[in-house]
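The numbers here are math on the coordinates, done by the rules we state, and not lab data. Everything quoted here is computed from the prediction, not taken from an experiment. Reconstructed Cβ throughout: ideal geometry from the backbone, glycine too, with neighbour counts over all protein chains shown.
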Amino acid sequence: MPRKITGASQGSFPPLISSAQLHDSTLRIACLQLANGFCSLVTPREEVWHSLTPPKGLEDNDAAIKFYRECAEEITYRLDQSNFYTSIQETYLDRASMGTACDFSEWDEEYDNLNFRNLPVGTYYIGQDHRGRVDCVIYEVCYTAEQAATEFGIEELSDKLQKEVKDPKKNDLHTFIIMVEKTKPWDEDQSFPYYMCCIEEDSKKVVGKQGYYEMPAHVTRYLKWGTSPYGFAPTWIALPEAHKLSLLQKQMDVLAEKAANPPILAPASLEGEIGVGALDITYVNDIDPNRSPREWATSGRYDIGQDRIAEKKKTIQEIMHGDLFRLFAQIDRTMTATEATLREAEKVMQFSPTFSALTSEYLDPKLMRIFGILWRQGKMPTPPEELMMLVGGEGVPLPNVAYNNRISLAIKAKTNTSYAEYMAIQQPLVELDPSILDNMDSDTQFRDGWRNAGLPEDGLRAEIDVEETRAARAEAQAQQAQMEQAAQGASIAKDVSAANGGQLPEEMMG
């Protein structure tokens, strides 16, 4: 991926690789497929791929469940309206090709929405704490004087840059170094858990400082490489195979060119007289026909080269997890829905550990950052009183993050499938003795099954509304029973009265 490392800090276009250097694009395509696989299976734009659940102690509080579900729906809406999916595509590509990726999450006051920035590879350093978690990102960014004034304020810039802002002929780029770091216990200023400091490289002037409630820069690493803070990508394993494949393709190109335009062995007397075009005529001596031109050294085995190329391509695809990201397409759709669900769950269980690293290290803190931004901007729904009382003030407890993407849903679907299978086994016993269903909390099973299927929270009524509906139904049934009892009593009294000469017996008067 040369565009990721060539001129990244200056925003220039990368040079095209000449055919003398690159003869095969299999590894490039595999990188794109791996990044696209994460986009479509982990964070697909066309699906609700995440949800928020109440923290510990509130798992069974339906009002809290509903509130956090509505918050997740607001986040989904905001992500759709922002540049999130464009930015994360670049992040996934960095992660797949380089092993490390970093981006920045912030609020855009001008457009009143979220904004995300992918930090180009080669423009940042990262640091980690004693537990291997990234707690510091230092990156460089190039701004014109006008862009820097818009970002930090013109009064914060050096005198040189302030003059350039007002000079329409000046459009030079200047480098700024930005550090985002976790506040240390020994730092004097403990106002925020994280802080940012920006310095203009040439003048060494501090042009911006800011505190953050959450880490705004999020780093994801495909796999860890020893104690290094940087990640390790499968491309490093596939690169030797890609070099060999490029050499093979180069040799095959030579062989194909020789087959199309074969070398010719001819006597020196015919120099300059041999026609190589269509319908060209070459005249030879009738007395010695063996001295005519002939093809020479064109006996290469094209079929063996093709077999080796296919083998190398297959190896690269396996290294880059191509089979894993095609797992849903590989399932035979002629099977039943239950069988397809079980096959999907079985394949997902074999998924690379990189999926867990992606969610815990990157997506979890990013969603918490987004939740915090939208809460402070007043974009979230009104919380129930019991949540406000737990924290006090204007805050609510931080939620837990759950995922509803294709991979997570395949895992959750195993729970629903197990429940359906169990109920099918118990069906004969239920028919013999329906009272055994009293052992089951059917409401909990239904609500959990609804949420495990990733269905929208708006379609699920609140528990208190369900209780009120059931109470009203019970009351209506009781009134109906009383009316039926009264009608039955009146009918009996009428019959007895008719049989007793129009008088009710004394013992029935009550």
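What FRET efficiency would be calculated for the residue pair Cys142, Glu110, taking the C-beta separation as r and a Förster radius of 30 Å, to the nearest 0.05?
Here the calculated transfer efficiency is 0.90.
Net charge near Ala260, counting Lys/Arg +1 and Asp/Glu -1 over other residues with Cβ under 14 Å of its Cβ?
Around Ala260, the charge tally is -2.
Please give me, ordered by residue number, the trypsin sites (Lys or Arg not before Pro) of the stretch 176-261 that lie in loop per DSSP and have at most 11 other Cβ atoms within 10 Å. Can you show the working numbers first?
On the way: sites: Lys182, Lys204, Lys205, Lys209, Arg221, Lys224, Lys244, Lys250, Lys258; in loops: Lys204, Lys205.
Hits after loop and neighbour filter: Lys204.
Can you pull out the GluC sites (Glu not before Pro) in the stretch 102-172 that DSSP calls coil and that have at most 16 other Cβ atoms within 10 Å?
Glu109, Glu110
Greater than 31 Å separation of Cα atoms is the criterion. Which listed pairs, Lys163/Lys209; Lys244/Lys366; Lys169/Lys205, meet it?
Lys244/Lys366
Could you pull out the chymotrypsin sites (Phe, Trp or Tyr not before Pro) across the stretch 57-163 that fall in loop regions by DSSP (anything but H, G, I, E, B) with no more than 14 other Cβ atoms inside 10 Å?
Working: sites: Phe67, Tyr68, Tyr77, Phe84, Tyr85, Tyr92, Phe104, Trp107, Tyr111, Phe116, Tyr124, Tyr125, Tyr139, Tyr143, Phe152; in loops: Tyr111.
Hits after loop and neighbour filter: Tyr111.
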